[in-house]
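What follows draws every value from the coordinates through simple rules; no lab data is involved. No experiment lies behind these values; they were computed from the predicted model shown. Neighbour counts run over all protein chains shown; Cβ positions are idealised from the backbone, glycine included.
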Amino acid sequence: MNELRIFTPATIANISCGFDVLGLALDTVGDEMTIRKVKKKGIRITKITGQNIPTETHKNVAGVAALALLSEIECDFGFEIEINKKIKPGSGIGSSAASSAGVVWAINELLHKPFNTIDLVRFAMEGERLATGVAHADNVAPALFGGFTLVRSYEPLDIISIHTPNELYATIIHPQIEVKTADARNILKTTVSLKDAIKQWGNVGGLISGLYTEDYDLIGRSLEDHIVEPIRSILIPAFNLVKQQSLLAGALGCGISGSGPSIFALSKGKKTALKVAKSMKLVYDEIAIDYDIHVSKVNKQGIKIL
Ligand code: ADP
């Protein structure tokens, strides 16, 4: 086997109360990549379709993540990468993470799996460092593990794969506006009141417990963010109305995806997730904001061979 064609998923990070720690993978939204083992040493990006992203190995997160992997293993051959990018960069659903995670996963398969999933997260994080300046794991971890993941700690890197109930669907609306990741960061306060912290860790515990016991009501009650969302949501047009209408349409919860501008809602069952999509669309149609919208099951498997 010298070549792999894969689906690498979009991901939702910063799931409400789980800011910077909880993420999930999507099932039908993602990029396609082809990774080929070739005689010539090194990493080359030979084809990019779909979006305008850099083709130079050192400027593309896929190239940087692949080089991080190769720096830890002897290889007298190289790899070519083709990316069919369907996830718009800067949308808040892990566009760069899909490329970083996909390439290291595929190379590991072609090398007959010398690395474990935590190693792959480490390599993919180097791609994230290029995209955002910070080597965060909250998008690459769910892309590589599938389902929900918790980044419990960075030093040491400790990632926990969380049980994912079967009927969970995500609806994501991406208003076509730009929110700069730096702005989304700078707007946050650096301290948290004890009162808010208590509410937040209560909800994190509730959410994890709800996922394991498949208690959808508990999941819904726990999808609350008292710390980041009240501040960040002012950067997203009509956030409160989209959230209110999603909940009225039956969503379990609704929040900001990544650092925005995408908004996600989680629902029990596809029928409700589609109803939520309709209610989100109505809000943006009314105020004439362009958008992309996606409905997807939560993906338990992560990256898949096509
Ligand atoms: P998202 O907000 O969806 O997570 P990111 O902000 O993580 O998207 O990544 C977008 C940035 O990373 C852009 O500046 C883009 O040009 C750069 N980039 C470099 N390589 C890639 C790649 N393979 N896929 C996506 N973005 C890439």
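Legend: Rg and Dmax of the stretch 127-225, from Cα coordinates, 15.6, 39 Å. Determine, at each q value in 0.18, 0.20 (inverse angstroms), the log₁₀ of I(q)/I(0) that the Debye formula gives when each Cα of the stretch 204-299 is one equal point scatterer. Once normalised to I(0) and log-transformed, intensities are -0.84, -1.02. Tilt of helix 95-110 relative to the longest C-alpha principal axis of the chain, in degrees (0 to 90, nearest 10)? Helix 95-110 sits at roughly 40 degrees to that axis.
For the chain, the longest principal axis of the Cα atoms and the long axis of helix 239-248 meet at an angle of about 70 degrees.
Helix 194-213 versus the longest principal axis of the chain: what is the Cα-based angle in degrees, 0 to 90, to the nearest 10? The answer is roughly 70 degrees.
Charged side chains reduced to their Cβ positions (Lys and Arg at +1, Asp and Glu at -1) give the chain a dipole of some 440 debye around its Cα centre. Each 10 Å bin from 0 upward holds the following percent of the Cα-Cα pairs of the stretch 37-96: 22, 50, 23, 5. When the convex hull of the Cα atoms of the chain is projected onto a plane and the area is averaged over all directions, what value comes out in nm²? So the Cα hull casts an average projection of 15.0 nm².
Short-range pairs are left out: with C-alpha atoms under 8 Å and at least six residues apart, the relative contact order of the stretch 116-255 is 16 percent.
Annotation: lysines with alpha-carbon distance below 23 angstrom to Lys41 (same-chain offsets under eight excluded): Lys59, Lys113. Short-range pairs are left out: with C-alpha atoms under 8 Å and at least six residues apart, the relative contact order of the chain is 25 percent.
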